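Peer 1: Input: one structure, supplied below.
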Amino acid sequence: MIEKRLVTDWVETTLSTAAAMPVGRGRVPTTSSVPPYYLLYSVDTRVGGAPLADMSEDGSFVYQITSVSGPDPNVPQSTADLDQLEWMADKARATFLGRNPSTGLWSYPLTVAGASCMTRSLEVEWGGQPGGTSEQEAAIMTYVQRFRFDLTPA
């Protein structure tokens, strides 16, 4: 069986590295409480396998990535920036779904010991506005995406 903790570690590290922004697991990142940053949530897990063996060796893992844009702390009366929010969502999409056009390989290979990625997909994008929500009082905007990773033992 594939260890979910290892998959979660890969998702967090890969997004943080690719976007050069902090990622918090279900809460504001410890490295920066000031936006922009990403929030990572584990949403769904399913296991399965070959019908006869029924060893539950395959895993399907869904993660929610919430992009958070907020005011610039150095600019009074500033608010979240839609351009920044869309850039963050684009970066998350490119990180998890992007492929090298020459080789067809993933731009960011999934490196989880003992696991191989069969498929990756964008499950959902949503929010109060197209793709995003806003918290007017806090001058914060968010954009929510859910990615599915289907893995099998390597």
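The values are calculated or read from the model by the stated rules, or taken from the named source; none is laboratory data. Computed from a predicted structure; not experimentally measured. As a convention, Cβ positions derive from the backbone with ideal geometry for all residues, glycine included, and neighbour counts pool all protein chains shown. The accessibility values were calculated without ligands, DNA or RNA, using every heavy atom of the protein model including side chains. Shrake-Rupley method; radii C 1.70, N 1.55, O 1.52, S 1.80 Å.
Peer 1: Roughly speaking, what is the stretch gain from N100 to S42, that is 0.36 nm per residue apart minus the C-alpha to C-alpha distance, in nm to one decimal? Let's see the in-between values first.
Peer 2: Details: separation 58, 0.36 × 58 = 20.88 nm, distance 2.70 nm.
Extra length from N100 to S42 when fully extended: 18.2 nm.
Peer 1: Enter the accessible area per residue of the chain (Å², integer; probe 1.4 Å; all protein chains in place). Please report the intermediate quantities before stating the final value.
Peer 2: Values: 8370 Å² over 154 residues.
About 54 Å² of surface per residue is accessible.
Peer 1: Then there is this: Fully extended, how many nm does the chain gain between K4 and M118 (0.36 nm per residue separation, minus their Cα-Cα distance)? Write out the running numbers ahead of the final one.
Peer 2: On the way: separation 114, 0.36 × 114 = 41.04 nm, distance 1.56 nm.
Net length gain for the segment: 39.5 nm.
Peer 1: Further, regarding this structure: Going 7 Å from the Cα of D90 toward and past its Cβ, which residues in the stretch 11-26 have a backbone nitrogen under 18 Å from where you end up?
Peer 2: 18-21
Peer 1: Using a 1.4 Å probe on the protein heavy atoms, what percent of the accessible area of the chain belongs to carbon and sulfur? Could you put the intermediate results ahead of the total?
Peer 2: Numbers: 4440 of 8370 Å².
Percent of accessible area from carbon and sulfur atoms in the chain: 53.
Peer 1: In the full protein assembly as shown, how much of E123 is accessible to a 1.4 Å probe, in Å² to the nearest 10?
Peer 2: 90 Å²
Peer 1: State the three equivalent ellipsoid semi-axes of the stretch 60-117, derived from the C-alpha gyration tensor as the square roots of 5 times its eigenvalues, in descending order and whole Å. Can you show the working numbers first?
Peer 2: Values: eigenvalues 209, 41, 15 Å².
In descending order, the three semi-axes are 32, 14, 9 Å.
Peer 1: Stokes-Einstein diffusion coefficient for the stretch 1-82 at 37 °C in a medium of 0.692 mPa s, Rh from the Kirkwood formula over Cα pairs: what value in µm²/s? Let's see the in-between values first.
Peer 2: Details: Rh = 14.7 Å.
So the translational diffusion coefficient is about 223 µm²/s.
Peer 1: Next up: What do you get for the angle between helix 82-97 and the principal long axis of the chain? Use alpha-carbon atoms, 0 to 90 degrees, nearest ten.
Peer 2: 10 degrees
Peer 1: Starting from the Cα of T31, step 7 Å toward the Cβ, then list every residue of the stretch 86-130 with an amide N under 20 Å from that point.
Peer 2: So the set is 87-96, 108-112.
Peer 1: Ignoring ligands, DNA and RNA, how do I140, I65 rank by accessible area with a 1.4 Å probe, largest first? Provide the component values of the computation, followed by the final result.
Peer 2: Working: I140 40, I65 0 Å².
The ordering from most to least exposed comes out as I140, I65.
Peer 1: Right, another one. Against the longest alpha carbon principal axis of the chain, how many degrees, from 0 to 90 and to the nearest 10, is the axis of helix 4-19 turned?
Peer 2: That works out to roughly 40 degrees.
Peer 1: Still on this structure, please answer the following. What residues have an amide H closer than 5 Å to that of D72, excluding those fewer than 5 places away on the same chain, when H is modeled at 1.01 Å from N in the peptide plane?
Peer 2: Result for D72 returns S78, T79.
Peer 1: Right, here's the next one. What number comes out for the charge environment of E123, summing +1 per Lys or Arg and -1 per Asp or Glu over other residues with Cβ under 11 Å away? Intermediate results must be reported in sequence, preceding the final value.
Peer 2: Values: positive: R120, R146, R148; negative: D44, E125.
So the surrounding residues net to +1.
Peer 1: Further, regarding this structure: Can you list, bin by bin at 5 Å, the percent of alpha carbon pairs in the stretch 1-43, starting at 0?
Peer 2: So the P(r) values, bin by bin, are 5, 25, 31, 22, 11, 4, 2, 0.
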